[in-house]
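Shown next, in structure tokens, is the structure this report addresses.
The values are calculated or read from the model by the stated rules, or taken from the named source; none is laboratory data. This is a predicted model, so every value here is computed, not measured. Cβ atoms come from the backbone with ideal geometry, glycine included; neighbour counts cover every protein chain shown.
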Amino acid sequence: MTTDPKVARPSLAQVAALSGVSVKTASRALGGEPRVAADTRSRVRDAADQLGYRLNGVARELRRGADTSTLVGLLIGDLANPFYSRLAGGLERELRMRGLQLITASTDEDPDWERRLADALLERRVRGLVIASTATEHAHLAAERRHGIPFVFVDRPPVELAADTVLLDNHTGARRAGAHLTALGHRRIGVVGDFSRLSTHRERLDGFSAAMHAAGVSNWADYLVENAHDVAAAEQAVRELLTRTPAPTALFTMNNRITLGALRALRGHPAPPALIGFDDVDLGDVLGVSVVAHDPRDMGRWAAQLLLDRIDGERGPARHVVIPTCLLARGSGERPPPAAVSPAGATKRLE
């Protein structure tokens with residue numbers, strides 16, 4: 001015997017019949033309207049549970065005359081990335097207090113898929129949209145913006161679209177990491193970055209470049225590897241860097257996933273290079289991983305505030321929030337370059 005996967009969903013009429021009330025009363029009971037007797041409400045809900053019936057919330061709101069739902073969409077690059085899960089947590093808590101619900105979808109860093117997901121959420125009349133975008137243009141959202149749908153871009157700014165943004169101070173954080181390593185005497189620093197098209201990658205690279213220029217290191221790009229987007233690619237990139245002659249004496253990994261790949265590559269290494277990552281990593285304090293840190297929940301909370309302001313009627317120009325970062329020195333980034341013995345027998349730092 002097989003089960004038909006296309007069995008029709010139960011109807012409100014079936015719930016009403018099972019509970020012995022009219023369709024209108026069943027609708028009122030399930031919708032939470034106060035003028036329904038407690039006993040009747042209980043019978044209707046029991047019948048709905050028995051049949052597996054659920055109200056279509058979006059359709060109900062549209063019938064009432066609302067042109068939007070209570071849903072807010074969040075588009076992120078990777079649901080498994082702790083950065084995005086914490087961002088979503090900060091956002092969701094603020095929205096919940098206003099009776100709004102967050103629906104989250106992953107773009108897998110695919111611009112075409114991002115656009116399809118955005119269109120699908122907008123078709124469902126979401127109240128607003130928060131986007132950690134992987135796309136390189138957003139002009140197609142301008143019409144929705146004119147129609148009053150608020151957008152907030154987090155982590156990466158929009159292109160060809162005026163919208164509120166919440167970003168990290170990527171340049172300063174990366175420059176601080178580079179300056180920290182050069183102050184210890186490092187000159188050969190392996191840099192492992194994400195997709196080169198991403199604004200976060202470019203800003204962090206610019207900040208690191210500024211630190212190298214200030215330290216007089218002109219050939220730093222010889223140890224640059226880009227497009228190491230996931231943990232496996234980052235692990236391979238670090239392993240390749242360590243085979244070079246001369247090998248880098250330090251590493252700067254430009255996001256949390258890349259840092260995890262580097263830690264895998266360095267596992268069991270007899271004399272690991274210094275390491276500073278951008279973004280904190282789980283158990284980073286326990287493992288002694290030095291990082292450029294920030295709290296992604298702050299980004300979510302700011303995004304919620306900007307979005308709620310727009311929902312409440314704010315019509316001013318696009319606003320921009322920049323969240324500061326700080327360097328947490330936990331040990332891995334404080335390893336000095338290895339010493340070498342000079343011909344005279346004295347020790348010196350390798351540069």
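Give the residues of region 177-205 that are closer than 19 Å to ILE323 by Cα and either touching a Gly at 6+ places or on another chain (Cβ under 8 Å) or outside the structural domain of PRO272 (by TED's automatic domain parsing) (or both), sorted by residue number.
If we filter region 177-205 for residues that are closer than 19 Å to ILE323 by Cα, which is where we start, we get 177, 198-205.
Once the filter is applied, which keeps residues that are closer than 19 Å to ILE323 by Cα and either touching a Gly at 6+ places or on another chain (Cβ under 8 Å) or outside the structural domain of PRO272 (by TED's automatic domain parsing) (or both), region 177-205 yields ALA177, HIS201, ARG204, LEU205.
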Note to self: Here are the criteria: (1) out of contact with any helix residue (DSSP H, G or I) (no Cβ under 8 Å at 6 or more places or on another chain); (2) under 20 Å from VAL291 (Cα atoms); (3) charged (D, E, K, R). Tell me which single one GLU226 does not satisfy.
What the structure shows: (1)
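For (1) in the same structural domain as PHE278 (by TED's automatic domain parsing); (2) free of Cβ contacts under 8 Å to residues at least 12 places away in the same chain; (3) over 28 Å from ALA132 (Cβ atoms), each residue gets a yes or a no:
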| site | (1), (2), (3) |
| --- | --- |
| GLY207 | yes, no, no |
| ASN219 | yes, yes, yes |
| LEU224 | yes, no, no |
| ALA233 | yes, no, no |
| ARG239 | yes, no, yes |
| THR245 | yes, yes, yes |
| PRO248 | yes, no, yes |
| LEU251 | yes, no, no |
| ARG257 | yes, no, no |
Note to self: Quick test of your reading of the structure: ASP119 fulfils all but one of (1) in the same structural domain as LEU308 (by TED's automatic domain parsing); (2) closer than 30 Å to PHE252 by Cα; (3) of a type in the set (Asp, Glu). Name the failing condition by number.
What the structure shows: (2)
Note to self: Given the options GLU160, GLU94, GLU114, name the one that is more than 30 Å from LEU30 (Cα to Cα), among the acidic types (Asp, Glu) and crowded, with 17+ Cβ neighbours inside 10 Å.
What the structure shows: GLU114
Checklist line | Qualifying positions in region 180-201 - out of contact with any Phe, Trp or Tyr (no Cβ under 7 Å at 6 or more places or on another chain) and of a type in the set (Lys, Arg) | finding: ARG187, ARG197
Margin query: Taking the criterion of being buried (at least 17 other Cβ atoms within 10 Å of the Cβ) and modelled with pLDDT of 90 or more, would at least one residue in region 52-69 satisfy it?
Written below: no
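What do you reckon, is ARG146 outside the structural domain of ALA214 (by TED's automatic domain parsing) and either in contact (Cβ under 8 Å) with a residue 60 or more places away in the chain or not basic (Lys, Arg) (or both)?
On the way: outside the structural domain of ALA214 (by TED's automatic domain parsing): yes; either in contact (Cβ under 8 Å) with a residue 60 or more places away in the chain or not basic (Lys, Arg) (or both): no.
For ARG146, the condition - outside the structural domain of ALA214 (by TED's automatic domain parsing) and either in contact (Cβ under 8 Å) with a residue 60 or more places away in the chain or not basic (Lys, Arg) (or both) - is not met.
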Notebook entry, point to check: Restricting attention to region 5-30, and to residues there that are farther than 15 Å from ARG54 by Cβ and of a type in the set (Lys, Arg), which single residue is modelled with the lowest pLDDT?
Noted result: LYS6
Checklist line | Matching residues, region 163-206, being surrounded by 23 or more Cβ atoms within 10 Å (Cβ to Cβ) and of a type in the set (Gly, Ala, Ser) | finding: GLY173, ALA174, ALA177, GLY178, GLY190, GLY193
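For region 233-250, give me each residue that is among the β-branched types (Val, Ile, Thr) and either crowded, with 17+ Cβ neighbours inside 10 Å or not in a loop (DSSP other than H, G, I, E, B) (or both). It would help to see each step written out before you state the result.
Of the residues in region 233-250, the ones among the β-branched types (Val, Ile, Thr) are 238, 243, 245, 249.
Answer for region 233-250, where residues must be among the β-branched types (Val, Ile, Thr) and either crowded, with 17+ Cβ neighbours inside 10 Å or not in a loop (DSSP other than H, G, I, E, B) (or both): VAL238, THR249.
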Note to self: Can you find, within region 251-279, the residue that is nearest to the chain's Cα centre (by Cα) among those that are outside any loop (DSSP other than H, G, I, E, B) and among the polar types (S, T, N, Q)?
What the structure shows: ASN256
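Limited to region 104-130, what total is found for residues that are among the β-branched types (Val, Ile, Thr), within 20 Å of THR70 (Cβ to Cβ) and in contact with a helix residue (DSSP H, G or I) (Cβ under 7 Å, 6 or more places away or on another chain)?
Initial filter on region 104-130 (among the β-branched types (Val, Ile, Thr)): 104, 107, 126, 130.
Now restrict to residues that are within 20 Å of THR70 (Cβ to Cβ): 104, 126, 130.
Narrowing the set further to residues that are in contact with a helix residue (DSSP H, G or I) (Cβ under 7 Å, 6 or more places away or on another chain) leaves 104, 130.
Result for region 104-130: 2.
Looking only at region 210-231, how many residues end up being in a helix (DSSP H, G or I) and either surrounded by 20 or more Cβ atoms within 10 Å (Cβ to Cβ) or touching a Lys or Arg at 6+ places or on another chain (Cβ under 9 Å) (or both)?
We begin by selecting, within region 210-231, every residue in a helix (DSSP H, G or I); these are 210-214, 220-223, 231.
Those still in the list that are either surrounded by 20 or more Cβ atoms within 10 Å (Cβ to Cβ) or touching a Lys or Arg at 6+ places or on another chain (Cβ under 9 Å) (or both) too: 210-212, 214, 220, 222-223, 231.
Of the residues in region 210-231, 8 are in a helix (DSSP H, G or I) and either surrounded by 20 or more Cβ atoms within 10 Å (Cβ to Cβ) or touching a Lys or Arg at 6+ places or on another chain (Cβ under 9 Å) (or both).
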Notebook entry, point to check: Regarding ASP282, is this residue of a type outside the set (S, T, N, Q), more than 16 Å from GLU235 (Cβ to Cβ) and outside any helix (DSSP H, G or I)?
Noted result: yes
